[in-house]
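Student: Sending over a structure as structure tokens; questions will come in a sec.
The values are calculated or read from the model by the stated rules, or taken from the named source; none is laboratory data. No experiment lies behind these values; they were computed from the predicted model shown. FYI the Cβ positions are ideal-geometry reconstructions off the backbone, even for glycines, and counts take in every protein chain you see.
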Amino acid sequence: MATKNSFSLKQKALLKSFRHYRKAETALHPLNYLFWECTLRCNLSCLHCGSDCHVDSEVPDMPSDIFLREMEHIAQKYDPTKIMVVITGGEPLLRKDLPEIGFKLRKMGFKWGIVTNGYSLTPNIYNSLVNCGLGAITLSLDGQESDHNWIRNRQDAYSKAMNALNLILSTPRVQSDVVSCVNKRTINKLPEIFNDLKKRGLKTWRLFTITPIGRALDYPELDLSADEFTSLMNFIQAKRAENSELTVNFSCESYLGTYEGKVRDGLFFCRAGINIGSILADGSVSACPNIDRELIQGSIYKNRFTEIWENNFIPFRDRSWTKIGLCKTCKEYKYCEGSGLHWWRMSDKQLLKCHYSEIR
Amino acid sequence: MKSIKNQFNLSKKRIIKSIFGLFSLSTMLFVFQACYGTPQDFGQDILLEGKVISEGSENSIQNIEIRLQNLPQYTSSDSEGNFSMFCPRQDQYTFNFRDIDGEDNGSYTNLDSVIKLDISENSLFLSVLLKDK
């Protein structure tokens, strides 16, 4: 297993050359990935939720014609076939007009997908989404039945998610994965969950940790300790070395030192505001939806998305402001550049967690 | 002068990016996934559209179920006989057209039809004629 300071020559060479690519990509900042927070309503009330969603949100859903008009403009300015639109929430399936919106996006040339808890995914709804060009889907599943239902705060959440998983796996055309948020209750059960998902035919399983924002702030016991985080890295590394039919990935949420290149397909690169933008439920424009809202760069109700994308986003493309606190003296900063931006609380410019510093 | 310099710098960045894409790390560099996003889709689909018409009356037919053999997807014609669905790209499709609502909207014989696809096509429109029972 890797240790904190044992980089191989190959790893060092990769990390060093990757910096040049990252610099070039930052300068060009092509929009490749666009989130649309289509609603803040949700049918679950998860303990670890990082968004502000509620069963009945005070922020109304963005009307589809406003969103689609903006997308038409984006399609005129950029090549839509190179942009993946990811519809998120809240729970996107609560919008009844989702298939119709997806169909129009696909006809414009965009590829599109959804992130869902699967609770409302019936065979008919899934069929209509696929007919309308759904190309990718991510299902949230946070463990075995009792743990998933506990964290999802609903007793039938697991059975519904399993029904959704079976549906998803019946359509190989749709790129899919399962994401699981690892916490203290599930860290020691990962091998069993892996075996179950593999038996069901899943091909990609993505693991991530809980960001202490939103409702997750009220449940610090969800947070992994440094030892637990290191054991998560070791679990992923070992599973990837098995070359199993089920590939396990750690999400691209932070720099991992000597685990870089070993626990996920790519090297760490927080592309927020470089390749990734978002249109939030209230029309605000930002990078990933879970980034502190103080970093909002504009609103489609005031300016075109493309104008905001081209002229703003300075804090995302020049991250020198993150070289403070723990990052100020970190030798790995050149490869990390302040971790994933969703780890930053902007009111006091505080990095909420540094995974690299936690690795034992 | 400054603009020429900027252009030169941008071209340089593009070249660096291309070199990386061609010779190393190509999948890891370009096929990324946001932390909380979906995997990338590669857009390997095609739009199949059409209209179902009665051969006898030439009226459009509502509620004809359209299925594609070996695919789990299905749809049905709307009140104007139109249907559409994005499907995985294949060389050919076997369509099954079925009258699923009995005598409502008339009674029509079922039809199975094989359509070959030109590789350059991104969409396909079918005019479907069904015989009256």
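Student: Considering only region A:308-346, state which residues are of a type in the set (Ser, Thr, Tyr) and more than 23 Å from the chain's Cα centre (by Cα). Break it down into steps so the answer makes sense when it comes.
Tutor: Of region A:308-346, the ones of a type in the set (Ser, Thr, Tyr) are A:320, A:322, A:329, A:333, A:335, A:339.
Selection gives A:Ser320, A:Thr329.
Student: Which pairs have Cβ atoms under 6 Å, sit 6 or more apart or on different chains, and link a residue in region A:168-180 that is within 13 Å of A:Leu129 (Cβ to Cβ) to one that is among the polar types (S, T, N, Q)?
Tutor: A:Ile168/A:Ser176
Student: Being part of a loop (DSSP other than H, G, I, E, B), under 23 Å from the mean Cα position of the chain (by Cα) and within 14 Å of chain B (Cβ to nearest Cβ) is true for just one of A:Gly143, A:Gly90, A:Gly135. Which residue is that?
Tutor: Details: A:Gly143 fails: within 14 Å of chain B (Cβ to nearest Cβ); A:Gly135 fails: part of a loop (DSSP other than H, G, I, E, B).
When all the criteria are applied, what remains is A:Gly90.
Student: The conditions are (1) surrounded by fewer than 20 Cβ atoms within 10 Å (Cβ to Cβ); (2) hydrophobic (A, V, I, L, M, F, W, C); (3) in contact (Cβ under 8 Å) with a residue 12 or more places away in the chain, and A:Ala241 fails exactly one of them. Which is it?
Tutor: (3)
Student: For a quick check of your reading: which strands (runs of 3 or more DSSP E) sit entirely within region A:235-336 and have at least 1 residues that are in contact with a strand residue (DSSP E or B) (Cβ under 9 Å, 6 or more places away or on another chain), at pLDDT 95 or above and aromatic (Phe, Trp, Tyr)? Before you say what the answer is, go through the steps one by one.
Tutor: On the way: elements: A:247-250, A:276-279, A:284-286.
Strands (runs of 3 or more DSSP E) meeting the threshold: A:247-250.
Student: On to the next question. Kindly indicate which of A:Ser286, A:Ser278 is more than 10 Å from chain B (Cβ to nearest Cβ) and either within 29 Å of A:Ile66 (Cβ to Cβ) or surrounded by fewer than 21 Cβ atoms within 10 Å (Cβ to Cβ) (or both). Spell out how you get there, then give the answer.
Tutor: Numbers: A:Ser278 fails: more than 10 Å from chain B (Cβ to nearest Cβ).
Exactly one of A:Ser286, A:Ser278 is more than 10 Å from chain B (Cβ to nearest Cβ) and either within 29 Å of A:Ile66 (Cβ to Cβ) or surrounded by fewer than 21 Cβ atoms within 10 Å (Cβ to Cβ) (or both), namely A:Ser286.
Student: Still on this structure, I have one more. Provide a single number: the residues in region A:10-44 that are hydroxyl-bearing (Ser, Thr, Tyr) and closer than 25 Å to A:Val285 by Cα. Can you show your working first?
Tutor: Step one: filter region A:10-44 for residues hydroxyl-bearing (Ser, Thr, Tyr), giving A:17, A:21, A:26, A:33, A:39.
Checking which are closer than 25 Å to A:Val285 by Cα leaves us with A:26, A:33, A:39.
Counting residues in region A:10-44 that are hydroxyl-bearing (Ser, Thr, Tyr) and closer than 25 Å to A:Val285 by Cα gives 3.
Student: Which of the residues that make up region A:257-270 are surrounded by fewer than 24 Cβ atoms within 10 Å (Cβ to Cβ) and within 17 Å of the chain's Cα centre (by Cα)?
Tutor: Scanning region A:257-270 gives A:Val263, A:Arg264, A:Asp265, A:Gly266, A:Leu267, A:Phe269.
Student: What are the residues in region A:162-220 that are charged (D, E, K, R) and assigned to a helix (DSSP H, G or I), if any? Working first, answer last.
Tutor: Quick first cut of region A:162-220, residues charged (D, E, K, R) only: A:173, A:177, A:184-185, A:189, A:192, A:196, A:198-200, A:203, A:206, A:215, A:218.
If the condition is that a residue be charged (D, E, K, R) and assigned to a helix (DSSP H, G or I), then A:Lys189, A:Glu192, A:Asp196, A:Lys198, A:Lys199, A:Arg200, A:Arg215, A:Asp218 are the ones that fit.
Student: Could you check, for region A:110-119, whether at least one of its residues is charged (D, E, K, R), within 14 Å of another protein chain (Cβ to nearest Cβ), under 24 Å from A:Ile291 (Cβ atoms) and without any contact (Cβ under 8 Å) to a residue 60 or more places away in the chain?
Tutor: yes
Student: Check region B:61-78 and report whether any residue there is more than 19 Å from A:Leu167 (Cβ to Cβ), out of contact with any Ser or Thr (no Cβ under 6 Å at 6 or more places or on another chain), away from chain A (no Cβ under 13 Å) and part of a strand (DSSP E or B).
Tutor: No, the conditions are met nowhere in region B:61-78.
Student: Moving on. For region A:120-130, name all the residues that are touching a helix residue (DSSP H, G or I) at 6+ places or on another chain (Cβ under 7 Å), within 13 Å of chain B (Cβ to nearest Cβ) and surrounded by 21 or more Cβ atoms within 10 Å (Cβ to Cβ).
Tutor: Answer for region A:120-130, where residues must be touching a helix residue (DSSP H, G or I) at 6+ places or on another chain (Cβ under 7 Å), within 13 Å of chain B (Cβ to nearest Cβ) and surrounded by 21 or more Cβ atoms within 10 Å (Cβ to Cβ): A:Tyr126, A:Leu129.
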